[in-house]
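What follows is a short report on a single structure.
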Amino acid sequence: MSQRDPAAVDSYLRSFILDDESSVQPTFKEGATLTDTISVSGKSITRYINEFWTARQRQAARIHEVSYRACFKPQLPKFFITLLTEPGDLVYDPFAGRGTTPLEAGLLGRRVVANDINPLSRILTIPRFFVPDPKEVKERLQTIPFTPELKAERDLSMFYHPETEAEILSLRTYLLEHEQTGSLDRLDQWIRMVATNRLTGHSPGFFSVYTLPPNQAVSPDRQKKINETRGQQPPYRSTRDIILKKTRNLVKDLTGQEIKNLHEAGVSIHFITGDARNTPAIGDNSVTLTVTSPPFLDIVQYSADNWLRCWFNGIDEEEISSHITKLPRVDDWTDVMQDVFHELFRITKPGGWVAFEVGEVRNRTVMLDEVIVPVGLNAGFSCIGIVVNSQKFTKTANIWGVSNMEIGTNTNRIVLFQK
Ligand SMILES: C[S@@+](CC[C@H](N)C(=O)[O-])C[C@H]1O[C@@H](n2cnc3c(N)ncnc32)[C@H](O)[C@@H]1O
């Protein structure tokens, strides 16, 4: 369903009832959504509060299951993509992260443009548009030379068994050499994406000994402490087996049509590694919908959490860190987002949309959704409202009123704008 008219979008949101079972077609009932009006910079803004998507929905495609700090659930972009665009429309994410919006748009037969200042984003996203047959991955893995005596230039012994480390090093050397000579093909890129994702984690499905979940690599010193406390030493893990197993999982539930859609979107994808404020490669009035989530102030350390992933991919983590937007003061953050919105206004089609997700920070003393409303208006957009997805939403929650209900966890706030 695609609703381009703001009145139709308003009534869709007001009467939405999530159909848990199918998750494909929602049902509708007047007044199903809790709404209220808040005043932001002297303007009345509608808030739509409901469980618009949920973890209980039919599971999202497993191809998304690559972890990344502060990623959103695929159901979030899916909700806005199906509501606001048609197949073939151009969908954009200026802060693409692990690529949730680009991949969901591709799965749904939309064209894609994406950007992220961190080169890891591209490394994690692009290969998943070109879904391989696990047999090819197995064959390729067998051809990658293994040099048993290889050791990293930095001490990684707190994470890896020496033999696992040599396997990781062999793979890293192969990938970096092929990258340099421009001969890294789609299978190599797939293997690089999976290996990057498997470097560290909290189960035997990762190359490392038990550590924090994979989107957050701890420092070597912290890992030594974890090992001491748990009385553990890194066991041998077969990198080939792990890469192959994860490959099978990622591709397992894709339909032929989805593989075809992804491929078509992948062939024409425009993936930029740069600052969201300045994207001259994207044409004026070209994007139908942007679905995105920016860094929230300085809450997440995107480069520090990714130091091992950066190392594996030959990326200078400190260099990236200096460019990533990480601003503790709301005023400074707002200035950067203002520039982002001017750029979004330029590239958005007349009648096109921006769904801008912001979280709750500093124990709700800062409401970034309310900060973003005037930012979008200043850029020239109109604000349709704030969509609050509350996974605690139930009929009885209604009677507690909005402020109580917002105390529920897992709340996403999406400010919806139209050009
Ligand atoms: C909240 S995460 C996005 C997560 C994404 N929605 C997902 O599902 O993976 C924010 C992203 O913004 C990127 N970023 C930070 N500052 C940026 C900037 N100035 N321009 C572009 N990207 C930036 C970070 O590298 C990070 O990947």
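The values are calculated or read from the model by the stated rules, or taken from the named source; none is laboratory data. From a predicted model like this one, the values you see are computed outputs, not experimental measurements. Here the Cβ positions follow ideal geometry from the backbone for every residue, glycine too, while neighbour counts run over all protein chains shown. In case anyone asks, the SASA skips ligands and DNA or RNA and just uses the protein heavy atoms, side chains included. Shrake-Rupley method; radii C 1.70, N 1.55, O 1.52, S 1.80 Å.
Quick look at the values:
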item	result
Loop-located GluC sites (Glu not before Pro) in the stretch 112-150 whose Cβ has at most 16 other Cβ within 10 Å (DSSP)	E149
Average Cα contact separation per residue, the stretch 275-326, under 8 Å, 6 or more apart, as relative contact order %	40 percent
K29-A8 pseudo-label distance in nm [points 7 Å out on the Cα-to-Cβ vector]	2.5 nm
Whole-angstrom Cα spans of the stretch 82-161 along principal axes, big to small	54, 31, 16
The chain - percent relative contact order, Cα under 8 Å, separation 6 or more	19 percent
Ranked packing of 125-132, 334-341, 278-285, 220-227, most packed first, by mean Cβ within 10 Å	125-132, 334-341, 220-227, 278-285
More than 34 angstrom apart: percent of Cα pairs within the chain	33 percent
Length released on extending from K138 to S382, taking residue separation times 0.36 nm less the Cα-Cα span	82.7 nm
Packing rank of 266-274, 371-379, where each peptide gets the mean count of other beta carbons within 10 Å, highest leading	371-379, 266-274
Helix-only mean residue ellipticity at 222 nm for the chain, each DSSP H run of n ≥ 4 adding -39500 (n - 2.57), per residue, nearest 500	-12000 deg cm²/dmol
Mean accessible surface per residue for the chain, computed with a 1.4 Å probe while every protein chain stays in place, in Å²	42 Å²
Scaled radius of gyration (Cα, divided by 2.2 N^0.38 Å) that the stretch 271-340 gives	1.27
Principal-axis tilt of helix 186-198 within the chain, Cα atoms, nearest 10 degrees	80 degrees
Nearest-ten-degree value, helix 256-268 long axis tilted from longest Cα axis of the chain	90 degrees
Helix 162-180 axis, angle to the chain major axis (alpha carbon atoms, nearest 10°)	70 degrees
Kirkwood Rh and Cα Rg combined as Rg over Rh, evaluated for the stretch 134-250	0.97
Heavy-atom accessible surface of the chain: percent carbon and sulfur, 1.4 Å	49 percent
J(HN,Hα) series, the stretch 370-387, from Karplus relation 6.51 cos²θ - 1.76 cosθ + 1.60, nearest Hz, glycine and proline x	6, 5, 6, 3, x, 5, x, 5, 4, 6, x, 6, 9, 9, 6, x, 10, 8
Extension reserve of the K224-S286 stretch, reckoned as 0.36 nm per residue once the Cα distance is removed	17.3 nm
Accessible area of E343 in the full protein assembly, 1.4 Å probe (Å², nearest 10)	20 Å²
Cβ-based net charge around D275, under 12 Å, with every Lys or Arg adding one and every Asp or Glu removing one	-2
Low-density loop positions, trypsin sites (Lys or Arg not before Pro), the stretch 248-295 - DSSP coil, at most 13 other Cβ in 10 Å	K252
Amide H contacts under 5 Å for I282, placed H, 5+ residues apart	none
FRET efficiency, S44 to D298 (Cβ-Cβ, R0 35 Å, nearest 0.05)	0.65
Full-extension gain in nm, E149 to V267, via 0.36 nm per residue minus C-alpha separation	38.5 nm
Lys, Arg +1 and Asp, Glu -1 on Cβ, resulting dipole of the chain about Cα centre, debye, nearest 20	920 debye
